[in-house]
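*Asks:* Input: one structure, supplied below.
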Amino acid sequence: MAEGNPFANPSKKMIISGIVVIAVIILISKMLVIIPSGHVGVKVFFGKVQSETLDEGIHIINPIIKVSEMSVRTQQISETANVPSQEGLVVNLDLSILFSLDPRQAATVYRTIGPNYIEIVVIPQIRSVVRGATAGYDAKALYTAERELIANQMGEQLRPMLKDRGIIVEKVMLRSVKLPDILSTAIERKLEAEQQAEQMKFVLDREKSEAERKRIEAKGISDYNLEVTKGLSDSILRLRGIEATKDLAKSENAKIVVVGGKDGLPLIFGGH
């Protein structure tokens, strides 16, 4: 009887106990799931995607459920594309798109698209929108400050398209635009000429303002002199002449001879 009982043999008992412990550990590890920060867990039960997802943290689940992690952090795609302008020229664009997976739609995205949704949906939509957006602008607009407007337009087109697929577009950035060398040189020269014209206009306006200031100043001086002249009567002039004569007569360095003048003012002849 003792030989038929495996627990009667101590060594066999230890082996069986070890197997049981290992099985329990494996079972616990299957039941315990840790979702890292910035991710959600999509649960799949016998091939069927569950609508409820697991938030970041520790969870205890059915050990036969498979959990797939999906990032909900902001991600960036850098894309380089040769696209046509309104004139039919080929322009090289370097752009970046910031986007993230909507946590509430993670299970739907996993079920309808799969974990590689970026390659299947996001990138093709970006390329389609970029080509459509640039076709409505000429090359100069892509090269100048209107780039920000074009990037915003791309974002406005992308957001509703990707939102329906559970993807949030945060920002579209048009980092650089490269035109054909001949066109780029021509645009740069034209922009330089426009800047020079604006500078010349500024100088002319400044000179015109200065001339107007001087004209107003001269008119003010003229008006002042006119008013002063009006206030100088013959009697005042005669009085000023007499006062000047008295001052000269007091001078020790001059010999003064005074005789009557034509207008009644003194005439002064001086000598050493």
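*Asks:* For the stretch 98-107, just list the computed ³J(HN,Hα) in residue order, Karplus coefficients 6.51, -1.76 and 1.60, θ = phi - 60°, integers in Hz, with x standing in for Gly and Pro.
*Replies:* Per residue, the Karplus-derived 3J(HN,Hα) values read 9, 8, 8, 7, 5, x, 6, 10, 4, 5 Hz.
*Asks:* Given C-alpha coordinates of the stretch 75-179, what is the ratio Rg to Rh with the Kirkwood estimate of Rh? Mind showing how you got there, number by number?
*Replies:* Values: Rg = 14.3 Å, Rh = 14.1 Å.
Here Rg/Rh amounts to 1.02.
*Asks:* How would you order 46-56, 200-210 from highest to lowest mean count of nearby Cβ atoms within 10 Å? Mind showing how you got there, number by number?
*Replies:* On the way: 46-56: 13.2, 200-210: 10.0.
Going from most to least packed, we get 46-56, 200-210.
Where a number appears in this text, it was derived from the coordinates with a stated rule and is not lab data. Here the structure is a predicted model, which is why all the values come from computation and not from measurement. Positions of Cβ are backbone-derived with ideal geometry, glycine not excepted, and every protein chain shown enters the neighbour counts.
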